[in-house]
Amino acid sequence: MRALFIGGTGFISTAVSRMAIAEGFELYLLNRGLRPVQLPGAHSLTADVHREEDARAALQGLEFDVVVDWIAFTPDDIDRAVALFRGRTKQYVFISSASVYQKPPAHYLITESTPLHNPYWEYAQNKIACEQRSSQAYRDDGFPVTIVRPSMTYDTNLPIAVGGWGTYTLADRLERGLPIIVHGDGSSLWVVTHADDFGRGLLGLLGNERAVGQAFHITSDEVLTWNQIYQTIADALGVEANIVHIPSDFIASVAPHLSGSLLGDKTWSVVFDNSKIKTFVPGFEATIPFREGIRRTMAWFAADASRRCVDTRADAEMDHILEAYAAAFG
Ligand SMILES: NC(=O)c1ccc[n+]([C@@H]2O[C@H](COP(=O)([O-])OP(=O)(O)OC[C@H]3O[C@@H](n4cnc5c(N)ncnc54)[C@H](OP(=O)(O)O)[C@@H]3O)[C@@H](O)[C@H]2O)c1
């Protein structure tokens with residue numbers, strides 16, 4: 001099967017690219033080539049996908065069984081993808097987000113039929129608009145879209161709500177014995193999924209004709225509290241966690257850019273019913289418990305100091321939120 005991943009060297013997609021190559025896919029990656037990721041066996045196409053003519057030139061003469069678009073965030077991105085790939089692929093997989101599901105949730109158990117409504121987070125609203133645009137293209141003329149909604153997925157990133165997404169900042173604070181922030185009282189329920197588990201579900205949908213026109217989430221069945229998530233990260237580092245619980249709305253008032261992600265997502269308990277992906281991909285089940293997966297993540301960071309990037313702005317912001325909370329309630 002010939003596949004194109006738009007992106008393909010990111011936090012989730014790198015693991016999935018490796019798995020696709022191991023499974024014998026003829027894999028093309030279209031990205032800007034900015035990341036130091038080695039994926040032997042993949043064909044690299046270099047272009048900024050936002051520049052449609054550059055992307056078209058890079059794709060010249062190529063047709064695909066499936067295109068996975070890892071980096072569509074606005075309806076314009078979908079329009080460009082439809083223009084680029086109509087008639088050139090048998091399946092187009094749009095990577096959406098589980099943050100599209102109704103917030104606050106009217107029912108804790110999320111299925112693919114849960115309404116899409118998120119008045120708090122622009123990112124989720126844009127993903128909903130992308131889903132609508134791509135589904136419209138399917139309805140209008142059969143553009144072969146499959147929508148896939150990851151929930152929080154980790155591999156070379158820490159699955160956290162506050163603490164410098166995509167960096168080592170939170171782990172660095174834990175190692176230095178500094179306090180970390182857990183939103184609310186840490187007892188709300190959350191699901192984190194290892195990229196290898198997500199990838200096995202996703203690969204099962206590629207080239208799967210029955211999946212065209214459908215939407216899926218793919219998550220672990222392991223349900224944790226946020227306290228357990230942060231505690232397990234600290235355990236993997238072999239340090240004590242100094243947790244300070246702060247209400248989400250207080251955090252959002254001090255750091256407004258965290259408002260959408262907290263109040264439109266991580267504040268609410270969510271549990272996913274994965275029956276649909278298990279029906280379409282027989283045998284699929286997430287098998288990597290967080291305790292094991294996060295050890296792999298920490299081993300990846302430990303192997304190379306250059307991976308342990310600290311976001312000094314996010315670090316200072318955590319101090320700022322903690323100081324503001326202590327001043328108000330200390
Ligand atoms: N991780 C999660 O917990 C989570 C949860 C829900 C949804 N998602 C969704 O999953 C997707 C993230 O996937 P990921 O892990 O691959 O993302 P990522 O870590 O953001 O990686 C981005 C990828 O896209 C490439 N790229 C970025 N800008 C580009 C451009 N203008 N033109 C061409 N290539 C470009 C990057 O390579 P270069 O920089 O070299 O171009 C890289 O390969 C997003 O759609 C996100 O909304 C993630």
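FYI, it's all coordinate maths here, none of it is from the lab. Predicted model only: the values in this text are computed from it and were never measured. Here the Cβ is made from the backbone with ideal geometry for all residues, glycine too, and neighbour counts use every protein chain on show.
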| request: Select from region 187-248 those GluC sites (Glu not before Pro) which occupy a DSSP coil region and have at most 12 other Cβ atoms within 10 Å, ordered by residue number. | output: E240
| field | Inverse of mean 1/r across different Cα pairs in region 167-227, Kirkwood, Å | value | 14.7 Å
| Compactness of region 202-306 as Cα Rg over 2.2 N^0.38 Å, two decimals | 1.38
| remark: Computed over the chain: longest principal axis from alpha-carbon atoms vs helix 226-237 long axis, angle to nearest 10 degrees, is 90 degrees
| task | Can you check what the net charge comes to around E323, using other residues whose Cβ is under 15 Å from the Cβ of E323 (Lys, Arg +1; Asp, Glu -1)? | result | -2
| For region 97-163, what Kirkwood radius comes out of the mean inverse Cα-Cα distance, in Å? | 13.5 Å
| said: In the chain, if the dipole is taken from +1 on Lys/Arg beta carbons and -1 on Asp/Glu beta carbons about the Cα centre, which of P105, H257, V66 is farthest to the positive end? | reply: V66
| Given +1 on the Cβ of Lys and Arg, -1 on the Cβ of Asp and Glu, and no further charges, what dipole in debye does the chain carry about its Cα centre, rounded to the nearest 20? | 480 debye
| request: Could you tally the net charge around S275, taking each other residue with its Cβ under 12 Å from the Cβ of S275, Lys/Arg +1 and Asp/Glu -1? | output: -2
| Can you give the % of DSSP beta bridges in the chain that are antiparallel, to the nearest 5? | 10 percent
| If contacts are Cα pairs under 8 angstrom and at least 6 residues apart, what is the relative contact order of region 30-81 in percent? | 27 percent
| request: Would you calculate the volume per residue, in Å³, of the smallest convex hull containing every Cα atom of the chain? | output: 130 Å³
